[in-house]
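What follows is a set of notes on a single structure, which appears directly below.
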Amino acid sequence: MSNRIILSLVAILICTANLTAQDVQFSAQSKAVVAVGETFTLIYTLNAQGSNFRGPNIQGIDMLSGPNTSTSSSIRMINGSTSMSITYTYTYLLQANHEGTYNIPAAAVTVNGKQVNSNTLSIKVIKNPNAAAQGQANTGQNRGSGSSGGAVTGSSNDVYVKAFASNSSPLQGEGIVITYKIFTKVPIAQINISKLSSFSGFWSQNLMKENDKLQQTTQIIDGEQYVVADIRKIALFPLKSGRLVIDPLELACVAQVRRQTKTRTGDPFFDDFFNDSFFNSGVANVEKTLKSNPVIISVRPLPEEGKPADFSGAVGSFTMHSEVDKTRLKTNEAVTLKNTISGKGNIQLIDKLNLTFPPDFESYDPKVTSDIQTTAAGISGNQVFEYLLIPRKPGKFTIKPYTFSYYDLDKRRYVTLTSPEFTLEVEKGTGESGAVMTYAGANKEDIKYIGSDIRHIKDNEVNLIPAGSRFFASLVFWLLLIIPMLLFLVFLVLWRKLAARRSDTVLMKNLKATKIARKRLQKADEFLKSGKQNDFYIAISQALWGYLSDKFGIPLSELSIDSVHEALVQKNVNESIIGQFMETLNNTEFARFAPGEKSVNMERIYNEALEIISKIERELR
Amino acid sequence: MSRLKPYAILLIMLLATLTGYASGQRDNVFKANKAYSDGAYSTAVEFYKKVVDAGFESPELFYNLGNAYFKLNDYANAILWYERAKRIDPGNEDIDFNLNVANTKISDKIEPLPEMFYKRWFNGLVRLFSVDTWAAMCIVMFITGLLCGVLYLASHVLVLRKIGFWLGLGLLFFSVISLIFAWSGYSFTKTTSEAIVFAPTITVKSSPDEKSTDLFVVHEGTKVRLMDNISGWYEIRIANGSVGWLPATSLEKI
């Protein structure tokens, strides 16, 4: 309301100024002195059409809203001349939270393409003179001076919030309840929690519903009667040991404070009359920010002694019940293992059980159902884990017992609960394994195989062998290997001997060749003398051929003019001698088979034969 | 290969006392084959088993028996008999094919350890033929090689001598190779014992003791290699190299 008055005043002022001078004015206005927590406005006024407003960068003061732009224009006709004025206002709603002096830098706006800067402001934030009388109380200043400023009754003890812990030194995991209570002497309304405590290091569970009606009680503290109400109740479970601090809770509420407006008329009667409680029953709605005390919880660690290996932080008192819905089933049928943990304590923190299933079981993550009762006394209820298992293979399987450990607060020791062992008989399902088996097919589709099957049996060629009888390494095998080997060796020895003997005869013949030839020639000489022509030629021929045969190791059957020539050339016999020898041989053969008188050449042939043999003999040496 | 079968038949001939019996068993084989073709697989199994129990073996017989078991959805037995057939005739493609099909039906999928390339090649060559085929080849090549040697020594014709020498040398070399292959195949079947898991699901233990740590789970039909044997327990190794202990009752030796 006061803002509006200022605004209109300013507007009027500016408008009148506008008439006289058309220069652009851009000014900032605000209260010079404000109290901590007070909401105040900062207004920028522009007496021209502006655009592109750039607000100040205010530091240290919270900006609640803004800039809110409003325009007003007025047209005036005075003595027929019309003048028009326009006003732009940019309004900020600010709140200072700390004492001190703050500078609000200049804001800028663009008018007709030119930038216009506002003036800067300095705002002093002072300590709230009366914390309970904020806000509304200040508006009194704008009232006329005729009435004095409203003094509001109320002190910091009128209303306050306090946090209580049920146990300030719990064990780790032991639940405590923290209660925030509001104490008030004045009626309050609109309790609005602006900042909740952050329970770092705790697992928290709200024990009061948001819309629960506040239960009010009265309590007398230091002789004064207070109305007390629980505004928050939270169960906390410390997750770690050590000193944990719970931040204060902050809330805003509207307190209805009686205001005593002292009216001075100068007349004592009227003063008394108007100042009595009947007339002077003005009630001020005072907005107040309340802050609770921080709570320090020192959490004791759980004893290490006797701590089970599977302990996962459950503290309280619990019972466990587990069951399977069937123990005889077929492959691919589902079986449910239901495990219920019920009791009192941080039950919702139990998120998993260390259960292991046979590897042939397809198991899924458990379905966890919580049924938790949160009462002012704490948390109790049950946590149900449902494991769905599907055996894929037939057989007898056991689900080994599993354990759940917790620290029992009453017994002051760790307790381990053990489940029974479940034995499941899984039979082969009638649905055939085909339902289970998934054949990973190749992505490429070249040939589509409709089905796969084994190849057909061997129908015709079944050769039965007595078991264990193998050809390899059998006696027959070794005999077949050794006998040919022996035969070959025998052959080799015999062949060697034969070859040796044969080479001996060749050598002998070689050595004896000349001797034999001489003997034959002597015989021929005798035949020559006795005139036996045919015998003579036969003897000469035999002497010559036989000599060659013996000398060169050529069997008689293979002897011919060519083979002899070849043999002589091989022995490097002089070509002329070979020619002579050939001639002698030819002559002998010719003379032998020629018709008519044969005695004429006998003497010559005899001499030729004798000469050539001795010549070759010499050549070969 | 099958043309070398006469040697096997020869062997049967040598064991004349058994021949008459074998022919009686051959009737059983024919009956079994007929039952199989008619779809009466359990009858076929019965007849085949009769022949096996009578003390006869043959890769074809084992293969047929494996087929009959396969058709009865008894994959562990099918694999067992295929493996037994494979032991006798490792190069048979049909056995390999059916064994692969049967292996797709069992639960365990084991990634075999890769072998060194030379080992793989050598084993591939060895498994090309059965041990007896290698042995027969060895004998034939050995004798022919020796004959070539004789030819080399005895002949006067240079070409024949050359042929005899080189051919003989080559044949003797290959007969030695065949002997090595036969021997390595033979020693494999003699020294390595393998088995098939027959328990539907069984946990392999870390030591031969029911209370020892569970290592891994194997299922019916998985082939394991037997490493050691202690009081009713076998130390087994599966194809991926994992080792553990299984009770002997859960296994059937190949």
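Just so you know, all these numbers are worked out from the coordinates, no wet-lab data involved. Model, not experiment: these values are computed from the prediction. Quick reminder, even Gly has a Cβ in these numbers, built from the backbone with ideal geometry, and neighbours come from all protein chains shown.
Would you mind calculating the gained length between residue A:84 and residue A:293 on full extension (0.36 nm times residue separation, minus the Cα-Cα distance), in nm to one decimal? Intermediate results must be reported in sequence, preceding the final value.
Values: separation 209, 0.36 × 209 = 75.24 nm, distance 5.90 nm.
Result: 69.3 nm gained on full extension.
Shape call for the range B:193-253 from the C-alpha gyration tensor, a ≥ b ≥ c root eigenvalues: rounded (a/c under 1.5), prolate (a/b greater than b/c) or oblate? Working shown, then result.
On the way: a/c = 1.27, a/b = 1.17, b/c = 1.09.
Cα axes put the range B:193-253 in the rounded bin.
Based on the alpha-carbon gyration tensor of chain B and its eigenvalue square roots a ≥ b ≥ c, which shape applies: rounded if a/c is under 1.5, prolate if not and a/b is larger than b/c, or oblate?
Working: a/c = 2.69, a/b = 1.57, b/c = 1.72.
Verdict is oblate for chain B.
Peptide B:47-54 has a mean of 1 when you count, residue by residue, the C-beta atoms of other protein chains within 10 Å of its C-beta.
For the range A:305-427, the Kirkwood estimate of the hydrodynamic radius, built from every pair of different alpha carbons, is 15.4 Å. Inter-chain Cβ neighbour count for A:194-200, averaged per residue, equals 0 (cutoff 10 Å, partner chain atoms only).
Modelled spin-label separation between residue B:191 and residue A:507, with each label point placed 7 Å from Cα along the Cα-to-Cβ direction: 5.3 nm.
In chain B, once you exclude exposed trypsin sites (Lys or Arg not before Pro) (DSSP loop, at most 12 other Cβ within 10 angstrom), what's the longest stretch remaining?
Numbers: sites that count: B:109, B:211.
The longest such stretch corresponds to B:1-108.
Given a cut-off of 24 Å, name the pairs among A:458/B:71; A:233/A:344; A:233/A:291; A:326/B:223 whose C-alpha atoms lie farther apart than that in the structure shown. From A:458/B:71; A:233/A:344; A:233/A:291; A:326/B:223, over 24 Å: A:326/B:223. For the range A:502-620, a simple Cβ point-charge model (Lys and Arg +1, Asp and Glu -1, everything else neutral) yields a dipole of about 520 debye relative to the Cα centre.
Note that the range A:62-75 has calculated 3J(HN,Hα) couplings of 6, 9, 7, 7, x, x, 9, 9, 9, 10, 9, 9, 9, 10 Hz, one per residue in order, obtained from phi through the Karplus relation 6.51 cos²θ - 1.76 cosθ + 1.60 (θ = phi - 60°); glycine and proline are x.
R0 = 51 Å: FRET efficiency of residue A:570 with residue B:93, Cβ-based, nearest 0.05?
Values: r = 61 Å, r/R0 = 1.19.
Efficiency, from the Cβ-Cβ distance: 0.25.
Relative to the dominant Cα principal axis of chain B, helix B:131-154 is inclined by about 10°. Could you point to the residue in A:590, A:517, A:506 farthest towards the positive end of the range A:481-614's charge dipole, with +1 and -1 charges on the Cβ of Lys/Arg and Asp/Glu respectively? The one lying farthest along the dipole's positive direction is A:506.
Simple spin-label estimate for residue B:122 and residue B:38 gives 5.1 nm between the two label positions (7 Å along the Cα-to-Cβ direction from each Cα). Taking Cα centre as origin and charging only the Cβ of basic (Lys, Arg, +1) and acidic (Asp, Glu, -1) residues, the dipole magnitude of chain B rounds to 820 debye.
Each Lys and Arg adds +1 at its Cβ and each Asp and Glu adds -1 at its Cβ; summed about the Cα centre, the range A:305-427 shows a dipole of about 160 debye.
Note on the range A:32-115: percent of Cα-Cα distances in each 5 Å bin, starting at 0 and stopping at the bin with the largest distance, equals 3, 13, 21, 18, 14, 12, 9, 5, 3, 2, 1. The long axis of helix B:41-53 is offset from the longest Cα principal axis of chain B by roughly 60 degrees. For residue B:227 and residue B:156, a Förster radius of 51 Å and the Cβ-Cβ distance give a FRET efficiency of 0.25, rounded to the nearest 0.05.
With a cut-off of 18 Å on the backbone N, the residues of the range B:150-186 near the modelled label site 7 Å out from residue A:498 along Cα-Cβ are B:150-158, B:160-162, B:164-165. Residue by residue along B:55-68, Cβ atoms of other protein chains within 10 Å of the local Cβ number 5 on average. The range A:153-208 and the range B:26-40 have Cα centres separated by 91 Å. Tell me, how many Å apart are the Cα centres for the range A:523-581 and for the range B:125-155? The range A:523-581 and the range B:125-155 have Cα centres separated by 50 Å.
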